[in-house]
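These notes are about the structure you will find just below.
The values are calculated or read from the model by the stated rules, or taken from the named source; none is laboratory data. Keep in mind the model is a prediction, meaning the values are calculated, not measured. Reconstructed Cβ throughout: ideal geometry from the backbone, glycine too, with neighbour counts over all protein chains shown.
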């Protein structure tokens, strides 16, 4: 982590709670998923599954993303966060809104509770976006990585606007099309525009740093940025205006080519790396990128079915699962251990550097248990994906059981890092 600037870094009191609450949300979502696993077998629009998906996407993935992004701001924009007080307020409002929104979906209160929960979520996300946009205005640096992250904020804003309008539509019914049409736009803008764009922007900074690579050719990243955004804009407009299958295929192809250009960039970084031996956290990061490649293949199969007017719900669910539980969650499970230990280490040991012998950031958690967590998770993912593909409830539940073990180990490790007790040794 030596490449990270710390002078402008926000207080640990802002960042650390996001990792703790996010990890708790991951465990809760897996437990709830276990007890509703049968709904994966025959339902697409299930209130309970939508609640679980929102806990995963908002409570787990976005919560961790917020915490990580606050810490990454000094690198991305070379400036401090606009307002730490606003960040603290955002965390409180956002946590409450995730709970409220998930409960509204769980109870299927679409015309009552969902209306108020969506407005609270809208407020929370607008507070976050405002803070980051005002930080962006103070920037002294602008490169392709910062463009990805700033554009991801735009897509996040659009995601929450469409989501809020869809929720309001349940109460006032002003949309002409089915709400499922808008939910499809909402989901893809959120997953690709917000998460994938954010991950590309952040990883294009962090991966070269962690593996020590001096790969500076960003042509592939520039192509990726252009192709993904063109594809996502075209896809969203096409779906909004009554889907044309040829245009849909071309826009999906643009997104896929954009992701392939990103993967090419990562391959070049990996190939030119100086640090040949990868730790467990980085292994998880690169495994996530392999899973992304598999997700692209699944999306190709799904597109083929749609072009032939074949409805294959198992492929749709497989595609969503491979993105959310596969790619996004795997990369988060890796990067938590490259970020949180460093933040806690700075809090506990920075004043004593050079005066005492201090542990390394990686010594703040159990590497042994992280390895166990990785293997349990990957086995669980393979079993879970097979269960969905062949529609076998018992196999799905076995996979989810392994996810629960993974989430438990992760939460214990995160708490171990968070509540680390100072250990200083006199320099001899």
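Go over the candidates 362, 423, 397, 371 one by one and state the one that is outside any helix (DSSP H, G or I) and at negative phi.
423
How many of the residues making up the range 78-96 are in a helix (DSSP H, G or I) and either within 15 Å of residue 146 (Cβ to Cβ) or within 20 Å of the chain's Cα centre (by Cα) (or both)?
Counting residues in the range 78-96 that are in a helix (DSSP H, G or I) and either within 15 Å of residue 146 (Cβ to Cβ) or within 20 Å of the chain's Cα centre (by Cα) (or both) gives 8.
Tell me, please, whether a residue that is in contact with a helix residue (DSSP H, G or I) (Cβ under 8 Å, 6 or more places away or on another chain), in a loop (DSSP other than H, G, I, E, B), modelled with pLDDT of 90 or more and under 21 Å from residue 123 (Cβ atoms) can be found in the range 42-58.
no
Here are the criteria: (1) closer than 24 Å to residue 105 by Cα; (2) without any contact (Cβ under 8 Å) to a residue 40 or more places away in the chain; (3) crowded, with 17+ Cβ neighbours inside 10 Å. Tell me which single one residue 172 does not satisfy.
(3)
In the set 260, 250, 268, which member is closer than 24 Å to residue 225 by Cα, part of a helix (DSSP H, G or I) and either modelled with pLDDT under 85 or under 21 Å from the mean Cα position of the chain (by Cα) (or both)?
Going through 260, 250, 268 in turn, the sole match is 260.
Filter the range 234-247 for residues that are part of a helix (DSSP H, G or I) and without any contact (Cβ under 8 Å) to a residue 12 or more places away in the chain; which is nearest to residue 189 (Cα to Cα)?
237
Please go through (1) free of Cβ contacts under 8 Å to residues at least 40 places away in the same chain; (2) within 23 Å of residue 298 (Cβ to Cβ) for residue 374 and return the number of the only condition it doesn't satisfy.
All conditions pass for residue 374, except number (1).
Which of the residues spanning the range 97-132 are under 25 Å from residue 19 (Cβ atoms), without any contact (Cβ under 8 Å) to a residue 40 or more places away in the chain and either part of a loop (DSSP other than H, G, I, E, B) or touching a helix residue (DSSP H, G or I) at 6+ places or on another chain (Cβ under 7 Å) (or both)?
Once the filter is applied, which keeps residues that are under 25 Å from residue 19 (Cβ atoms), without any contact (Cβ under 8 Å) to a residue 40 or more places away in the chain and either part of a loop (DSSP other than H, G, I, E, B) or touching a helix residue (DSSP H, G or I) at 6+ places or on another chain (Cβ under 7 Å) (or both), the range 97-132 yields 97, 100, 120, 123, 124, 125, 129.
Against the condition modelled with pLDDT of 90 or more, surrounded by fewer than 24 Cβ atoms within 10 Å (Cβ to Cβ) and assigned to a helix (DSSP H, G or I), how does residue 75 come out, does it pass?
no
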